[in-house]
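**Student:** I have a structure here, written as structure tokens, and I will follow up with some questions on it.
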Amino acid sequence: YTILSKVHSDRNVYPSAGVLFVHVLEREYFKGEFPPYPKPGEVSNDPITFNTNLMGYPDRPGWLRYIQRTPYSDGVLYGSPTVENVGKPTVIEITAYNRRTFETARHNLIINIMSAEDFPLPYQAEFFIRNMNVEEMLASEVLGDFLGAVKNVWQPERLNAINITSALDRGGRVPLPINDMKEGVYVMVGADVPFSSCLREVENPQNQLRCSQEMEPLITCDKKFRTQFHIDWCKISLVDNTKQVSTFQEVIRGEGILPDGGEYRPPSDTLRSRDYYSDFLVTLAVPSAVALVLFLILAYIMCCRREGVEKRNMQTPDIQLVHHSAIQKSTKELREMSKNREIAWPLSTLPVFHPVTGEIMPPLHADSYDNTSMPLMQTQQNLPHQTQIPQQQSAGQY
């Protein structure tokens, strides 16, 4: 893999196709392009961001990516060049922005992609590392440690890092900002020898079953990575290009002119208008007719097929009809009574016998008396012929 630790204006780099390319944009270098702080002796720590694009275009090539977490961290260009761009110089414009003074500085990076025919990598393995972010994995020390661990379990003669991709670019979710969680990164490496038995253990039926149950598979060489890299063995991908049958057909590119298909004949201007009456009948009339028929059938069933009151009374026992008639008669009488509130109170609700003498007493009110204002309960002062109960006297008076 290629690591460029310094940035220079109009610098030429020569990465190989199919091999990881990493270019670091260091803030310390671009600080010299901007004026220092007004006070001499102070350390300059201006926030600096970068913008990278292909010369003459608003964005970078499809194989080249850029990442910078904060304005106080270095920017990184990384990617895997393709074979289609071999021999074509790619000029990347790098523009640095000083967020304190709003000044800019521009440099050019000329990428000359070389052919990689001398380094065929038919066996490729892609690992998913859960405890790393992409900018951490792009560091030369960390990537070197990972390639060393892979080489220890694979034992190839040639081993190259092909590509690095963040898990967010594969549809992963942004991790929660707790417990120092990482996004995860996919690292693809290639070698010239077949896969080792350790890497083949992922394809065992037992491990496949454990992966389907969201359990970690049992890999013997996992301890060689566990000290620094937490690998998700269920997401490892092994590709053997020697067994794949190529179905690619070479495309012969012409001059961009379509073959002669005859003279073009546009449609006639005197087109006959289309009649939509039949479409109207099929779309509206037919459903309306069906709905009308169903409505008539339902109306006949609900209105013309009723049993009637006489048939219901014939099928009902006589005692039940008598009870029903009595309830209706009583209800009607109560309603009539509630309409007329000027009638006298029933005598059964008034006292008719004197509580002491026992003689018959007339009603307390006449028929013309306004009974609506009469209290519901009579007090002792309102009752006529009230008998006074003698009060108990003290024993000293007798």
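**Student:** For Val22, enumerate residues with amide H under 5 Å from its amide H, sequence gap 5+ or separate chain, H modeled in the peptide plane.
**Tutor:** Amide H neighbours of Val22: Thr2, Leu4.
**Student:** Per residue of region 224-239, in order, report the coupling 6.51 cos²θ - 1.76 cosθ + 1.60 (Karplus, θ = phi - 60°) as ³J(HN,Hα) in whole Hz, putting x for Gly and Pro.
**Tutor:** Each residue of region 224-239 in turn: 6, 9, 5, 4, 10, 10, 9, 9, 8, 6, 6, 9, 6, 10, 10, 10 Hz.
**Student:** State to the nearest 20 debye the size of the charge dipole of region 123-240 about its Cα centre, where the only charges are +1 on K and R beta carbons and -1 on D and E beta carbons.
**Tutor:** Using Cβ point charges on Lys, Arg, Asp and Glu, region 123-240 gives about 200 debye.
**Student:** Now a separate question. Only four residue types carry charge here, +1 at the Cβ of Lys and Arg and -1 at the Cβ of Asp and Glu. Report the dipole size of region 8-113 about the Cα centre in Debye, rounded to the nearest 20.
**Tutor:** Computed charge dipole of region 8-113: roughly 140 debye.
**Student:** Same structure, new question: Quick query: amide H of Ala116 versus all other amide H atoms, modeled in the peptide plane; which residues come in under 5 Å with a sequence gap of 5 or more or a different chain?
**Tutor:** When sequence neighbours closer than 5 places are left aside, the close amide H contacts are Ala17.
**Student:** Follow-up. Can you tell me the relative contact order of region 62-164? Whole percent, Cα pairs under 8 Å, sequence separation 6 or more.
**Tutor:** Relative contact order for region 62-164 comes out at 20 percent.
**Student:** Okay, next question. Residue-wise, which Karplus ³J(HN,Hα) couplings in Hz belong to region 208-219, taking 6.51 cos²θ - 1.76 cosθ + 1.60, θ = phi - 60°, and x for glycine or proline?
**Tutor:** So the Karplus estimates, Gly and Pro as x, are 5, 5, 5, 5, 5, 9, 6, 10, 6, x, 8, 10 Hz.
**Student:** Let me have the relative contact order for region 8-113, percent, based on Cα pairs under 8 Å that are six or more residues apart.
**Tutor:** 40
**Student:** In addition: Answer with one residue from Trp233, Leu147, Cys211: the one whose Cα lies farthest towards the positive end of the charge dipole of region 123-240, charges on Cβ with Lys, Arg +1 and Asp, Glu -1.
**Tutor:** Positive-end residue among those listed: Cys211.
**Student:** Now a separate question. Any idea of Arg69's accessible area? Nearest 10 Å², probe 1.4 Å.
**Tutor:** Number for this one is 110 Å².
**Student:** Short version: ³J(HN,Hα) in whole Hz for each residue of region 21-26, in order, from phi by Karplus 6.51 cos²θ - 1.76 cosθ + 1.60 (θ = phi - 60°), x for Gly and Pro, what are they?
**Tutor:** Residue by residue, region 21-26 yields 10, 10, 9, 9, 9, 7 Hz.
**Student:** Further, regarding this structure: Ignoring ligands, DNA and RNA, how do Lys31, Lys329, Lys88 rank by accessible area with a 1.4 Å probe, largest first?
**Tutor:** Listed by decreasing accessible area, they come as Lys329, Lys88, Lys31.
**Student:** Give the long-range amide H neighbours of Gly75: residues separated by 5 or more places, or on another chain, with amide H under 5 Å away, using H modelled in the peptide plane at 1.01 Å from N.
**Tutor:** Answer set, sorted by chain and number: Leu25, Arg27.
The values are calculated or read from the model by the stated rules, or taken from the named source; none is laboratory data. Everything numeric here is computed off the predicted structure, so don't read it as measured data. Every residue, glycine as well, gets a Cβ built from its backbone with ideal geometry; the counts of neighbours run over all protein chains shown. Surface accessibility is based on the protein's heavy atoms, side chains included, excluding ligands, DNA and RNA. Shrake-Rupley method; radii C 1.70, N 1.55, O 1.52, S 1.80 Å.
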